[in-house]
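Bear in mind these aren't lab numbers, they're just calculated from the coordinates by the rules spelled out. Just so it is clear, the structure is predicted and the values come from calculations on it, not from any experiment. Quick reminder, even Gly has a Cβ in these numbers, built from the backbone with ideal geometry, and neighbours come from all protein chains shown.
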Amino acid sequence: MSRIAARAGEMVGLFSLHRDREPLLTPLRSRLPEMSFRELSLLSAREQSAVSLFVEELEALRWYFRYTADMPSTAEQRFRQHRRGLEACYERLVAAVGAPRADEPEPSR
């Protein structure tokens, strides 16, 4: 979430300027969708639910940004709506599994 917060002010502007979706998608990278079944099975039902809700919200925003034909102003509004949902899901995720460690590297793609 810190990466999204740090880049939120620029994401739609860069998309509008360059007509490139990468500034919208790159800040939304996460390792959570890549968790194996074995890793997920180690989590409690509450933790699995929190991970699932966060990933679903994140993927909904990624899908929207990847395929939208909306104009930048509409994309900005939708991003704000999704971001509020993501923040709520993230708070639930952190409450369930704890905050990310500062020494973990950013996901790369």
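Legend: helices of the chain (whole DSSP H runs) are marked when their alpha-carbon atoms reach 15 angstrom or more along the helix axis and their mean Kyte-Doolittle hydropathy is at least 0.0; marked are 2-18. Sequence-distant contacts, meaning Cα pairs under 8 Å at least 6 residues apart, place the relative contact order of the chain at 33 percent. Over the Cα atoms of the chain, the radius of gyration divided by the Kirkwood radius equals 0.99; this is the Rg/Rh ratio. Among PHE54, SER36, ALA99, whose Cα lies farthest out toward the positive end of the dipole of the chain, if unit charges sit on the beta carbon of Lys, Arg (+1) and Asp, Glu (-1)? Result: PHE54, furthest along the dipole toward the positive end.
The charge dipole of the chain, taken about the Cα centre with unit charges on the Cβ atoms of Lys, Arg (+1) and Asp, Glu (-1), comes to about 140 debye, rounded to the nearest 20. Model label points for SER52 and TYR64, set 7 angstrom from Cα along the Cα-to-Cβ axis, are 2.2 nm apart.
Remark: spin-label model distance ARG19-ALA45 equals 5.2 nm, labels positioned 7 Å along the Cα→Cβ axis. Projecting the Cα positions of LEU25, GLY13, LEU86 onto the charge dipole of the chain (unit charges on Cβ atoms of Lys, Arg, Asp and Glu, taken about the Cα centre) puts GLY13 furthest along the positive direction.
Tell me what the chain gives for mean residue ellipticity at 222 nm when only DSSP H runs of n ≥ 4 count, each as -39,500 (n - 2.57), the sum divided by the residue total, rounded to 500 deg cm²/dmol. It lands at -22500 deg cm²/dmol.
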